[in-house]
1. Two decimals, Cα atoms only, Kirkwood Rh: what is Rg/Rh over the range A:285-360?
2. Hey, how much of the P(r) for chain B falls beyond 35 Å, as a percent of Cα pairs?
3. Determine how many Å³ per residue the convex hull of the Cα atoms of the range A:20-170 encloses.
4. Once the cut-off is 21 Å, how many percent of the Cα-Cα pairs in the range B:510-581 end up in the long-distance tail?
5. If pairing requires two Cys Cβ atoms under 4.7 Å apart, which cysteines of the protein assembly as shown are left without a partner?
6. When N counts the residues of the protein assembly as shown, how does its alpha-carbon radius of gyration compare numerically with 2.2 N^0.38 Å, as a ratio?
7. When averaged across all projection directions, what area in nm² does the alpha-carbon convex hull of the range A:189-231 cover?
8. Please report B:L478, B:L122, A:L229 as a ranked list, fewest other C-beta atoms within 10 angstrom at the top and most at the bottom.
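The numbers here are math on the coordinates, done by the rules we state, and not lab data. Nothing here was measured: the structure is a model prediction, and the numbers come from that model. Reconstructed Cβ throughout: ideal geometry from the backbone, glycine too, with neighbour counts over all protein chains shown.
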Amino acid sequence: MTGINAKAASVRFENVSKVYGTKVTAVDNISLEVRAGTLVTLLGPSGCGKTTTLRMIAGLEMATRGRIFIGEKDVTKLPATDRDVSMVFQSYALFPHMTVMENVSYGLKFSGFDKAETKDKALAGLGLVGLTGYGDRLPSELSGGQQQRVAVARALVLEPQVLLFDEPLSNLDAKLRRQVREEIREIQQNLGLTVVYVTHDQEEALAVSDEIVVMRNAAIAQKGTPRELYEAPADAFVADFIGEANLIPVDIVALDGDTATVRIADYTHRLPSRGLPQGPAKLAVRPSRMRLVAGVGDGVPAVIDKATYVGSRMEYTVTAAFGTVFAVLDDVTTPFRIGDAVTISFAASGPVLIPASQPS
Amino acid sequence: MRTVSLEQTTHPVLIFWIIAGWVGYCILPWYGVEGFWSFEWLVDGWPLDDDYAPAAVLVGVGQKLWLAPMLLALAAPLLVLGRRKTDPLYAQVLIAAGGFGFAWLVAQGLGIGLRGFTAEWLTTLFGTLDDRQFGMGYGAMVTASAFLFLFTHGIAARGAINGDVFVTSAIGGVIAVVTIFVFFPITKMLLAAFATDDGGYSVLGFFPKFFDDRIWGLDCLSGGRCGVAWNSLLLAVLVGVLTTLLGLAFALVLTRSGFRYKRLLRALTVLPIITPPFVIGLAIILLFGLSGTVTTSLAAMFGVEATRWIYGLPGILIAQLLAFTPIAFLVLIGVVEGVSPSMEEAAQTLRANRWQTFRTVSWPLMRPGLANAFLLGFIESMADFGNPLVLGGNFDVLSTEIFFAIVGAQYDQSRAAILAVVLLGFTLGAFYLQRFWLGRKSYTTVTGKGDAGVHPPMPNGLAYPVYAVVALWSAFTLVVYGMILYGSVVQLWGVDDTLTFKHYLTAFRIDWTEDGLRWTGSAWDSFWTTMTIATLAAPLTAAIGLITAYLLTRQTFAGKRAFEFGTMLSFAIPGTVIGVAYILAFNVPPIEITGTGLILVISFIFRNMPVGVRAGIASMSQLDKSLDESSLTLGANSWQTFRAVILPLLRPAILAALVYSFVRAMTAISAVIFLVSARYDMSTSYIIGRVENNDYGLAIAYSTALIFVMLAAVGLLQLLVGRTRIGRRTSHGEIH
Ligand SMILES: Nc1ncnc2c1ncn2[C@@H]1O[C@H](COP(=O)(O)OP(=O)(O)O)[C@@H](O)[C@H]1O
Ligand SMILES: [Mg+2]
């Protein structure tokens, strides 16, 4: 039986901009590289230019400036039809008048395969997404999750150099979302595909990516592996967008090689300086890296404002002199109550220093 | 696999057009040949006979040497064969060759006519030309198309529209045909309005003729007769307003009431659409004329003298209301249904009562529909020719005046042109008023997808009057149609009421003789001509309309607004005006097609194309754009996408366009009356001829037969086009 193989190729953007009309700059001077066989996520809030970037890879939008390469080939001026790229749309865009089989065979028909090959490949594709036997149905006769998989199969069977996903899970419910994203990741890794994946959900991005590109206002805020982004966000925006970090204003009072000593109120804490100078800075601390102990101790005194029981853990809103922070604790047997006085301190690893002011 | 197609150097379509160019130039007769499709010319002296010779032969024997430069433009594209599309030379050569060839062909066609150069300055420049040329034929047409599409290949290769050959060619093709068959004749007609008696042009001469009292006089205010312009305007405004209100009443009963027999009502409202418009005028005469049923019985009852009151404004108004209310209804039913029920439900949950909901939500959302319905009624009334002719009496209107200026004893082209300019001014004015009234507000709810929920019923204060109007009007329509049917089977209306099939026999007799079947009925000629022309025009109209709609909804390109205006222009031009313009433009070279069947087909295509465009746009804007885009990323090119994805999903629009253009071609009269010839007579003009001879029985019998033929044709089309199965589950609760 014919299998599905990958002809994965890299994608390179060189100073690419996209301007709609004369005023709206949707993508501003972006350079990035997606290595062959990796899954790279474009992550960012709505309207930051993710979809536009993706559509420029597909050839559905033409770059206003800059150059785009797929593999070693300059595709900047090539229309979508002539690029070896497939895309899975947010709305799936299954052709409603064609059966599942016809949908999946659609692109194969235009790629010079003969009938038998087309059928074999389409069947292989359906098998890969677990829909063997659904070939004769119409898209309207499938559930949302199944439709999504047909869309994936339709794109996969072309063995594209690059496979694109635009928020592929946003129409699915929470449970299905986890399952489908794991399937996508598995197929990508098994076949060694190059995938560019757009999402605004940081958890999804962390779970599936080899590399994440965080975008803000049409530009790249930071790129790196999920771990790098989570553990070493470049600035407050990234820290906040990935993992909803608490941003606490601090003072760097001493520098000792790579280690900085910071002061928050009367409490001092030592951690890697990440090249920051002495003076005001911000400390980014994930809610799960906050430590709370009852009463007065070594740390910053604070009061419990809100306490929420969410089953596996407790979520607290805590107010201290520097402001309000959010903390998550695993101890659900003896929770704090609203109004309790507590002392805040931080886990040894996790909190990171970032510059005080956001670069704009 | 896809990389293969990338490296391919010469597009097969390009090769096709290069070959076509040579075939047009070297093989096909360059000038028009009567009876081309009989191919008699092939054995009648071709290729050397002057009449049938291809351009290459003419030039070869030293005639029409002005055709020679095109050889250059035909040869140049051979250079690019084997070159890559990305090679700058490829684009440059194609643009230069196609552009030059096309421009030269047009220039020589316009510059050299039946009597040598067509303009003074050409003669002064080049001296007198002893040669002359006739209208272009298929050779010229094929070569011109080849030049056009070589040019569009060139600009596509330069990177226009992402290098998409299909889209650039489609745009180029539509612009070319609209220019030739809409702008060119209209321009000719406008020029004719400025023409002086001695063949020159004069702006000064235009004004006295334009402001003539026969056009703009206001004597009717003081007991005399008003100018035709005021008559037409008054009639059109009345018809526009009243058809809109009647159409709305029917639409409301169908969508917002518990009325049980909705299908019947729908059928009743659609019937007049497949009726030749003036047939209703005939029925009105049979009812209210001097010897009409109603007139005579009323006269007998009250002992008053029977009068001719129906001839004039009242008669035309009633006939046009009957004829055009269905058009308003069809526009309004779409809009009234399209108002999202959830908007109305939302209004109700916001504590608006039924009347307030109707007034504040439903009514404003129907505005575009009302404006469109009025505009259609207005234009149809302005352009209507049959009813004023039959019922006008002393009430002259523009369309009939234009006709008599052209065909009457006066034969005054410039007066016809001036009247046509007035008519065009009114309709374009109405067009702009409508745009202005609708403004830039968004009414997108009317084009969106249907959603769950039901329309609330009408408030009672509205419902009762609406019911009454609908009931009365339905009854009246039924009576009128009863009259038509009855009138076709009586010996002589009002004089001899014995039943007979004689009219049908006269019209549609078929005899068996020893030579086989003989169509001896007097109507067969015009009937078959009409069928052929309608069958040819319908698919072409639908094709051009839908391709234009595709370009307008799915592509962005410079000048799109102007493009849209151009394609919609012929919609605002009354048929009468088109008729005059075509006669003025296509009676002389370079395009000499008056008196042929071709001019009828072409006039139908461009008269009815806007409806295809509108239907296409309406359904295409309901297809999510991601469908095309995913097809493109899956490796289909834009032509394949159009064919495999868009067209199948557009079946309803295709059907609508086909049915509409077929029916219009069968029933139209206003443009047709100018364009028919002895050889190509159409049913409608034949019937009008019978009416003028007071042969009402035959006219009505023929019309009745047409109605049944159209019913059958519509059913057949529905079968042919078929349905696209897409399943009917909507997005509600799809997630498992
Ligand atoms: N066709 C368009 N015309 C004009 N502006 C657009 C168009 N498409 C997107 N934009 C603008 O470009 C910006 C980026 O859009 P998009 O890439 O869709 O964002 P994202 O996918 O990250 O939410 C937005 O501000 C959007 O309004
Ligand atoms: Mg997006």
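1. Checking Rg against Rh, the ratio lands at 1.00.
2. 53 percent
3. 132 Å³
4. In whole percent, the long-distance tail amounts to 55.
5. A:C48, B:C26
6. Cα Rg divided by the expected 2.2 N^0.38 Å: 1.18.
7. Average projection, Cα convex hull of the range A:189-231: 3.4 nm².
8. B:L478, B:L122, A:L229
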